[in-house]
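Step one of this worksheet: look at the structure below.
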Amino acid sequence: MSDTQSIMSSMVETREFPPPPDFVKDAHIKSIDEYEQLHRQSIEDPEGFWGERAKNHHWFKPHDTVLEWNAPNAKWFVGGKTNVAYNCLDLQIERGRGDHPAILWEGEPGEVVTFTYSELRDRVCQTANALKKLGVGKGDVVTIYMPMVPELAIAMLACARIGAPHSIIFGGFSASAIADRAKDAESKIILTADGGWRRGKVVPLKQNVEDAISQYGGIAKVVVLKRCENDIPWNDGRDVWWHDVVDAESTECEAEQCDSEDLLFILYTSGTTGKPKGIMHTTGGYMVYTALTAKHIFDLKPDDVYWCTADIGWITGHSYITYGPLQNGVTTLMYEGAPNQPDWGRFWEIVQKHKVTKFYTAPTAIRAFMRQGDDIPAKYDLSTLKLLGSVGEPINPEAWMWYHEHIGGERCPIVDTWWQTETGGILIAPIPGAITLKPGSATRPFFGIDAAVVDEAGVEQPANAGGFLVIRKPWPSMLRGVYGDMNRFQEQYWSQLPGIYFTSDACRRDDDGNFWLMGRVDDVINISGHRIGTAEVESAIVSHPTVAEAAVVGIPHEIKGQALAAFVALKSSSTPSDDLKKELLAHVAKEIGAIARPDQLRFTDALPKTRSGKIMRRLLKELASTGEVKGDTTTLEDFSVIASLSADDD
């Protein structure tokens, strides 16, 4: 935060959408006054607020103290003993949900499997017993590298049941990423599968594990789920089949009484260089916070069929496929494959088939659906949907409006959620029955979240002035450190403003108190002394009726210091041309100002993305700056995209 200039914020959005009366009627929180009263209470008396919410959970031993805070170190529900898997399963059964569907799963080839809460508990206990027989004890880190199958959720819950922290590695990562993470966590066991289905092809998961073990020799056991029945390498002394070690086990396994601050999981952020960063989350605070955010932000009800389209390998899948929804006793839907397999109607077919009521996906996916045209979702009955959500990056207003109209039928609130791997749960999002929505805004902080927009000295900025988003008070699901590197934890998150969590995101707050995320601080470009957030430039480009998606990156410029380069994917009904390029550049100048007009603009059939749907802007920056890509592409979904962009000399 060495630059003292404020961040320009020029995007203006005046459309507003109050909570629909039919939604408000049954909502948990029904008015802005109710939200503001609860938020005020949570900030003024956090110990009273969170202590009361903790009573909704099962504790083997109640806490002695709600919060001990010695910045940057927090302890929540000190002295309390609980078990997250018990709260996800046994407690729901005790509340009469045993025969209710817990996980509803659809594989990419089309098979469907349902586990009730009782069936899921039994399977989790069998898996937990198998892990114990394989030598896993409390505190041992279990590495999990699996496709999006029910056994992935079962594995993480089994680890939680016996007090063994899990480290889940996204199934799109390479062998070297597996090796780095397993080595850092000092893991001795990996749970994997022979393969997983993705766009009709088998992802060779077991082969990747084998290649990882050749780089890190500390793995003593590999448990392999039979999913695709593809040929795999095998080591008789080390490898065992999932069904051989799990199926014969007892369905009874007593839940470990975990201290509230016992490590629940490590999740490594996917940095491109240097040692992987293992974000640590503990038991009690994470449990209470994910349950409450899931309940109120998605307004979960007992008979909801809730679908988060993320992969469990990301924090979104940890918190809002598994732990959050299951603690609320709802049905959480899992889908194994790609959104366009066998065609772009797959998501909407799943919504129609399973009568999904709450749907949570990424802005990049929404823009990809936009690009395919309005007629595809129009073929399906989406009338069961009651609420939509977005996650992963700021959603631009035009994508928000398309989502609202073509998926939500103009009747579903959209919860635009802002949070991070580090935060554990959603920090800023609308309470859907209470808050008036503005397309592109994550709106208001959740309970207990004291969010502010500040300059580099920590001074809170006036309305509509861009600055740095910070969180000024501790919250229950906050990260507890970087595994094995507490200096890195201190330096990265707490050194900019002592005692205040620095999010690394640029933001502004409007006159109504709504937060507008402007992208990572790294994505704020200094052009001739003006600091401009690339997210706003992207939003301006996408507001043009011909554009489906855009990515904007900063590149070196010998006069201005930095300049903007834009990569633009058009809607299927539009054709690239020099005239359209000029029109788009003029459109940016009109929407934001001439200072934000990109120096480069190139059309592309698609943008490079990870399997989770995030645009890989660092590859675009490298390409725009040097004309080629040499960086790490292991998480890239479609390698042909970079090849086609590299071939484009325009």
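Here are the numbers:
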quantity	calculated
Any pair with Cβ under 8 angstrom, 6 or more apart, that starts in the range 99-119 at a residue that is more than 11 Å from Tyr335 (Cβ to Cβ) and touching a residue at least 40 places away in the same chain (Cβ under 8 Å) and ends at one that is of a type in the set (Ser, Thr, Tyr) and surrounded by fewer than 20 Cβ atoms within 10 Å (Cβ to Cβ)	His100/Thr116; Pro101/Thr114; Pro101/Thr116; Ala102/Thr116; Ile103/Thr114
Any helices (runs of 4 or more DSSP H) falling wholly within the range 297-382 and containing at least 1 residues that are assigned by TED's automatic domain parsing to the domain that holds Phe446, touching a residue at least 12 places away in the same chain (Cβ under 8 Å) and touching a strand residue (DSSP E or B) at 6+ places or on another chain (Cβ under 8 Å)	324-327, 346-354, 363-372
Any hit, the range 518-527, residues being surrounded by fewer than 17 Cβ atoms within 10 Å (Cβ to Cβ), free of Cβ contacts under 8 Å to residues at least 24 places away in the same chain and not in a helix (DSSP H, G or I)	yes
Residue check for Thr364: more than 24 Å from Lys301 (Cα to Cα) and β-branched (Val, Ile, Thr)	yes
When residues of the range 235-255 are limited to those that are part of a loop (DSSP other than H, G, I, E, B) and of a type in the set (Asp, Glu), the one surrounded by the fewest Cβ atoms within 10 Å (Cβ to Cβ)	Asp236
Residue tally, condition aliphatic (A, V, I, L, M) and at pLDDT 85 or above, over the range 592-605	1
Residue in the range 456-469 that is under 14 Å from Pro363 (Cα atoms) and at pLDDT below 95 present	no
In the range 389-413, the residues that are in contact with a helix residue (DSSP H, G or I) (Cβ under 6 Å, 6 or more places away or on another chain), closer than 21 Å to Leu292 by Cα and not in a loop (DSSP other than H, G, I, E, B)	Ser390
Number of the exception - Asp239 against (1) at pLDDT 95 or above; (2) within 30 Å of the chain's Cα centre (by Cα)	(2)
Qualifying residue in the range 15-36 (condition: surrounded by 19 or more Cβ atoms within 10 Å (Cβ to Cβ), among the aromatic types (Phe, Trp, Tyr) and at pLDDT 95 or above)	yes
Residue list for the range 269-296, filter: out of contact with any Ser or Thr (no Cβ under 9 Å at 6 or more places or on another chain) and either assigned to a helix (DSSP H, G or I) or at pLDDT 95 or above (or both)	Met280, Ala291, Leu292, Lys295, His296
Test: residue in the range 174-182 that is under 24 Å from Asp259 (Cβ atoms), crowded, with 22+ Cβ neighbours inside 10 Å and at pLDDT 95 or above	no
Test: residue in the range 242-249 that is touching a residue at least 60 places away in the same chain (Cβ under 8 Å), assigned by TED's automatic domain parsing to the domain that holds His63 and of a type in the set (D, E, K, R)	yes
Check on Val453, more than 21 Å from Ile32 (Cβ to Cβ), assigned by TED's automatic domain parsing to the domain that holds Asp374, touching a Gly at 6+ places or on another chain (Cβ under 9 Å) and part of a strand (DSSP E or B)	no
Residue tally, condition hydrophobic (A, V, I, L, M, F, W, C) and surrounded by fewer than 21 Cβ atoms within 10 Å (Cβ to Cβ), over the range 455-469	4
Identity of the residue in the range 528-552, at pLDDT 85 or above and charged (D, E, K, R), that ends up surrounded by the most Cβ atoms within 10 Å (Cβ to Cβ)	Glu538
Looking only at the range 183-212, and only at residues there that are small (Gly, Ala, Ser) and either under 30 Å from Asp122 (Cα atoms) or not assigned by TED's automatic domain parsing to the domain that holds Val240 (or both), the one that is surrounded by the most Cβ atoms within 10 Å (Cβ to Cβ)	Gly196
Residues satisfying the stated conditions in the range 553-570, i.e. within 22 Å of Ile366 (Cα to Cα) and at pLDDT 90 or above	Ala566, Phe567, Val568, Ala569, Leu570
Tally of residues being under 14 Å from Gly163 (Cα atoms) and not β-branched (Val, Ile, Thr) across the range 131-148	7
Count - residues of the range 68-122 that are in a strand (DSSP E or B), surrounded by 23 or more Cβ atoms within 10 Å (Cβ to Cβ), of a type in the set (Val, Ile, Thr) and within 25 Å of the chain's Cα centre (by Cα)	1
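Matching residues to (1) among the hydroxyl-bearing types (Ser, Thr, Tyr); (2) assigned to a loop (DSSP other than H, G, I, E, B); (3) modelled with pLDDT of 70 or more:
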site	(1), (2), (3)
Ser574	yes, yes, yes
Leu585	no, no, yes
Lys590	no, no, yes
Leu620	no, no, yes
Ser625	yes, no, yes
Ile642	no, no, no
Asp649	no, yes, no
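The values are calculated or read from the model by the stated rules, or taken from the named source; none is laboratory data. These numbers were taken from a predicted model, which means no experiment stands behind them. Every residue, glycine as well, gets a Cβ built from its backbone with ideal geometry; the counts of neighbours run over all protein chains shown.
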